Amino acid sequence: MADAIRLPAERRFAAELAALSTLPGVRPEGWRLAPRAVAMFAHGGQVGDLPITRKFWGDDALVERAVASLASDRGLLLIGEPGTAKSWLSELLAAGISGASTLVIHGTAGLTEDQIKYGWNYALLLAEGPSPRALVPGPLYTGMRTGRIVRFEEITRAPHEVSDGLLAALSEKLLSVPELAGDEGLLLGRPGFNLIATANTRDRGVNEMSAALKRRFNFEHVQPVADLDEEIRLVREQITSWVAGGPAAGVVLGEDLLELLVTTFHEIRTGTTLEGVRLERGSATMSTAEAVSVGYNAALHASFFGASVVAPRDLVGWLAGTVVKDDPASAKALRSYWEVAVKPRASAERGAWRAYWAARDLLEGVGGAPKSR
Ligand SMILES: Nc1ncnc2c1ncn2[C@@H]1O[C@H](COP(=O)(O)OP(=O)(O)O)[C@@H](O)[C@H]1O
Ligand SMILES: [Mg+2]
């Protein structure tokens, strides 16, 4: 039984990281792995007898550019729709490069500079005055001092004056502590330090970041998984690993059901069916991460309430919850999806699609629409 709900990547995949550290290649100063090994940690491969699992699905060239950016004097900014694994990729890169992914700043409207840089132990500060002992390091301070990657999640949600406080750290690689005198008041970043930020295209725009800060980053746009089969495989692997050993272990989520689930997300996201029919667009975020969570929740539900197999009908309620999260009006688009995409497949007797169609009553009233019939 694990003693943590979720382990950071460097602990969960410790054996893989140890194997990857044996791969040859020039390591940038302060890095635990060679660049090629860092990329392999994310997109998978093989070291001797040990398979390195694919953890990030998508553009391998993007991963390689991201690794190269982090060896340069600029930070890396991953932007994209919610649920495209920006945070996950940043965790993997930090774990691969620094062996630690837990120096994390979360961008919120209430973020203050001392949460990023340093604060004080006020008891010590009052008793002894400012001293290195009284200083309470924040993630940026620790990352610079130890030469590790710092992650800044949802950077565009932080107040500008706070995120702009990163400028000196990123360009001069130094952080000054005016309260401390002399050398103690100047922290010089060690090799290996860099910053990975993520930003959500649904939030206040990256465009509003100051030009000075933007110039300190290389931008990479992370796209949703484009290939349906690849997305099905990813969702299958994720759900299987979440279900394994947990309360839903033993519940069957069949291939036909996975196809149903992922196809729905895929088609609504792209706005066309696989046959090329255009769909009504809602603004809901139909991300792969949401698909995984719908499948997993349905499995949990089945397990807790006495079913051994997840049925098409079981997906519909969870799906409706996902769709109305961003925009209640998207419920209308979901109902139209049932008419345009699900119904023809159901009448063509395509297995699980029939049961899916039969569950359309669950969509009535979703998003506040009046009940018909
Ligand atoms: N390309 C992908 N590769 C791996 N996992 C993905 C991918 N796209 C979505 N996911 C799923 O999304 C989850 C993480 O999403 P997250 O990193 O929080 O997204 P974001 O930060 O972009 O909102 C992963 O755990 C995985 O289930
Ligand atoms: Mg994120």
Those residues of region 76-88 which are surrounded by fewer than 22 Cβ atoms within 10 Å (Cβ to Cβ) and away from ligand 1 (no atom under 13 Å from the Cβ), in sequence order: none
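Just to check your reading of the model, which residue among Asp73, Asp60, Asp49 is of a type outside the set (Lys, Arg), in contact with a His (Cβ under 6 Å, 6 or more places away or on another chain) and open to solvent by 10 Å² or more (accessible area, probe 1.4 Å)?
From the options Asp73, Asp60, Asp49, the qualifying one is Asp60.
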So Asp203, is it more than 26 Å from Pro28 (Cα to Cα), more than 12 Å from ligand 1 (Cβ to nearest atom) and either within 21 Å of the chain's Cα centre (by Cα) or open to solvent by less than 20 Å² (accessible area, probe 1.4 Å) (or both): no
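Here is a yes/no grid of residues against (1) open to solvent by 60 Å² or more (accessible area, probe 1.4 Å); (2) in contact with an Asp or Glu (Cβ under 7 Å, 6 or more places away or on another chain); (3) away from ligand 1 (no atom under 16 Å from the Cβ):
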| residue | (1), (2), (3) |
| --- | --- |
| Glu275 | yes, no, yes |
| Val292 | no, no, no |
| Gly295 | no, no, no |
| Phe305 | yes, no, yes |
| Asp326 | yes, no, no |
| Ala341 | no, yes, yes |
| Gly351 | no, yes, yes |
Tally, over region 135-169, of residues that are surrounded by fewer than 20 Cβ atoms within 10 Å (Cβ to Cβ), in contact with a strand residue (DSSP E or B) (Cβ under 9 Å, 6 or more places away or on another chain) and hydrophobic (A, V, I, L, M, F, W, C): 2
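Quick grid of which residues meet (1) of a type in the set (Phe, Trp, Tyr); (2) modelled with pLDDT under 95; (3) under 18 Å from Thr102 (Cβ atoms):
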| residue | (1), (2), (3) |
| --- | --- |
| Leu140 | no, no, yes |
| Arg145 | no, no, yes |
| Phe152 | yes, no, yes |
| Arg157 | no, yes, no |
| Asp183 | no, yes, no |
| Leu187 | no, no, no |
| Phe193 | yes, no, yes |
Pairs where the first residue, in region 241-252, is on the phi < 0 side of the Ramachandran plot and the second is among the polar types (S, T, N, Q) and surrounded by 13 or more Cβ atoms within 10 Å (Cβ to Cβ), C-beta under 7 Å, 6+ apart: Pro247/Ser303; Ala248/Ser303; Val251/Ser303
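Residue-wise test of (1) part of a strand (DSSP E or B); (2) hydroxyl-bearing (Ser, Thr, Tyr); (3) without any contact (Cβ under 8 Å) to a residue 60 or more places away in the chain.
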site: Ile79; (1), (2), (3): yes, no, no
site: Leu93; (1), (2), (3): no, no, no
site: Gly110; (1), (2), (3): no, no, yes
site: Leu124; (1), (2), (3): no, no, yes
site: Val136; (1), (2), (3): yes, no, yes
Evaluation of Gln223 against (1) away from ligand 1 (no atom under 16 Å from the Cβ); (2) modelled with pLDDT of 90 or more (one fails), failing number: (1)
So Thr264, is it open to solvent by less than 70 Å² (accessible area, probe 1.4 Å), outside the structural domain of Ala85 (by TED's automatic domain parsing), touching a residue at least 60 places away in the same chain (Cβ under 8 Å) and on the phi < 0 side of the Ramachandran plot: yes
Checklist (1) over 24 Å from Asp59 (Cα atoms); (2) at pLDDT 90 or above; (3) surrounded by 13 or more Cβ atoms within 10 Å (Cβ to Cβ) applied to Glu255, failing item: (3)
Close pairs from region 182-203: first within 16 Å of ligand 2 (Cβ to nearest atom), partner polar (S, T, N, Q), Cβ under 6 Å, at least 6 apart: Ile196/Ser90; Thr198/Ser87; Thr198/Ser90; Ala199/Thr156; Asp203/Thr156
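Answer yes or no as to whether Ser210 is in contact (Cβ under 8 Å) with a residue 40 or more places away in the chain, away from ligand 2 (no atom under 16 Å from the Cβ) and in contact with an Asp or Glu (Cβ under 6 Å, 6 or more places away or on another chain). If you could, list the steps in order and put the result at the bottom.
Values: in contact (Cβ under 8 Å) with a residue 40 or more places away in the chain: yes; away from ligand 2 (no atom under 16 Å from the Cβ): yes; in contact with an Asp or Glu (Cβ under 6 Å, 6 or more places away or on another chain): yes.
Answer is yes for this residue.
The values are calculated or read from the model by the stated rules, or taken from the named source; none is laboratory data. Worth saying up front: this structure is predicted, and the values here are computed from it rather than measured. When we count neighbours, we look across all protein chains shown, and the Cβ atoms used for this are built from the backbone with ideal geometry, even at glycine. The area values use the complete protein model at the heavy-atom level, side chains included, leaving out ligands, DNA and RNA. Shrake-Rupley method; radii C 1.70, N 1.55, O 1.52, S 1.80 Å.
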